[in-house]
1. Taking the range 256-278 as the search range and keeping residues that are surrounded by fewer than 16 Cβ atoms within 10 Å (Cβ to Cβ), touching a residue at least 40 places away in the same chain (Cβ under 8 Å) and not hydrophobic (A, V, I, L, M, F, W, C), which one is nearest to L310 (Cα to Cα)?
2. Which pairs have Cβ atoms under 9 Å, sit 6 or more apart or on different chains, and link a residue in the range 324-348 that is among the charged types (D, E, K, R) to one that is assigned to a helix (DSSP H, G or I) and within 15 Å of the ligand (Cβ to nearest atom)?
3. Do you know which residues across the range 308-348 are modelled with pLDDT of 95 or more and of a type in the set (F, W, Y)?
4. Quickly run through the range 132-189 and pick out the residues that are at pLDDT below 95, within 16 Å of the ligand (Cβ to nearest atom) and among the polar types (S, T, N, Q).
5. How about the range 98-107: which of its residues are crowded, with 24+ Cβ neighbours inside 10 Å and more than 9 Å from the ligand (Cβ to nearest atom)?
6. Confirm whether H51 is within 16 Å of the ligand (Cβ to nearest atom) and in a helix (DSSP H, G or I).
7. Please indicate, with yes or no, whether at least one residue in the range 18-35 is more than 20 Å from A176 (Cβ to Cβ), of a type in the set (G, A, S), surrounded by 17 or more Cβ atoms within 10 Å (Cβ to Cβ) and within 16 Å of the ligand (Cβ to nearest atom).
8. Give just the number: which of (1) crowded, with 19+ Cβ neighbours inside 10 Å; (2) among the charged types (D, E, K, R); (3) within 29 Å of N339 (Cα to Cα) does R60 not satisfy?
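The values are calculated or read from the model by the stated rules, or taken from the named source; none is laboratory data. For clarity, every value in this text was computed on a predicted model and none was experimentally measured. Please note: Cβ atoms are built from the backbone with ideal geometry, for glycine as well, and neighbour counts cover all protein chains shown.
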Amino acid sequence: MNNKFTYQEIMGQGESWSKSLAEAEKQFNKIIAHLEKPWSEVIFTGCGSTHYLSLTAAARWQTFTRIRARGIPASEIWLYPDTVLPLEDTLLVAISRSGSTTETINAIHVYKERFNIDPIVISCYPDSEMILSTNYPFLATGATEKSVAQTKSFSSMLLMTQYLMVKKASDESKFANQLFQLPNIFNKLMERNKDTIKYLSKEQKFQKFIFLGSGINYGLACEAMLKMKEMSLSISEAFHFLEFRHGPMSMVADDTLIIGLLNDATQQEELKILNEMKALGATTLAIAESAKDINADYILELNSGIDPILRGPLYLPSLQLFAFYRAIEKGLNPDHPKNLSAFVVLGD
Ligand code: F1P
């Protein structure tokens, strides 16, 4: 297990988060003026995992700053700009672990042609084309990883977007203090939940994995779904909680594990769906701040004390580890996922 670099990267996230926050502090003065402009909208963009990161960041950004924000796949900006780019000046935040993905590079070109503005680029590689092409780089060099499937790079770059978001707050210090607590929470979180995750990953009856997340947690559910696909080649889907009733629940049977990423404020409504699916034969796993009043079959408790808008990175490591253990259980090598490369470069 320990010889797999994917495992080391998953378990090294606490350290990566510390490095990324320290790096953010050092870089922020270079982009603060750009960030402070009176943007009418912020668009986050990326591909694959970093598209799901964009969804995750946008939902938090709009909730926290009240400025309109969207997460859009880079290929949509590149090839269908009129369907997604507004007319007025918009801040683009391009997110790319490699900084070399063709679609995201092309989306940046379209944005610069249309608005004559540089995007903020969040990436792990300082010498990448995206970073070298902008005046507003925001690097997470401590989050580079060997694995193809993004783990600590994803959560660290999410942390970087939350760092920028908090800087927009009037009472910044309250939220900034919470952000800097996340690395210390990581180790206790993994210690508390790893046995449940390992046990479930060995359960052979589970052949379908459904990740449910709503509001600020939908993008995280999508990313957890992708990890399960990339690492373990399992049937894995992601839906908004209440959307699952409108057809997809037809898939539920006793081979189905439903993983619900619960929101504090709406968890009673979300638990209803988990309980209904239990009645149809599914097994349920809830991830929540507190296990209190939760009647799922299994629970991963965060117990963080961190505001919901900032605790997003804490939902991921357990689900990344779940996908990792499931891959090992199936005799696969999560360090080298089938069919995939670390990033996608398209020919002419
Ligand atoms: C984007 C990406 C990853 C995906 C796979 C291929 O890379 O699509 O999200 O998991 O590794 O590349 P990047 O633009 O974030 O480097």
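1. Only one residue tops the list, namely D264.
2. Taking only residues 6 or more apart or on different chains, the pairs are R326/M228; R326/M231; R326/S232; E329/S232; K330/S232; D335/F5; D335/T6; K338/E230.
3. Hits for the range 308-348 are Y315, F322, F324, Y325.
4. Within the range 132-189, S147 is the sole residue that qualifies.
5. Result: A107, single match.
6. Yes.
7. No, every residue in the range 18-35 fails to be more than 20 Å from A176 (Cβ to Cβ), of a type in the set (G, A, S), surrounded by 17 or more Cβ atoms within 10 Å (Cβ to Cβ) and within 16 Å of the ligand (Cβ to nearest atom).
8. The number of the failed condition is (3).
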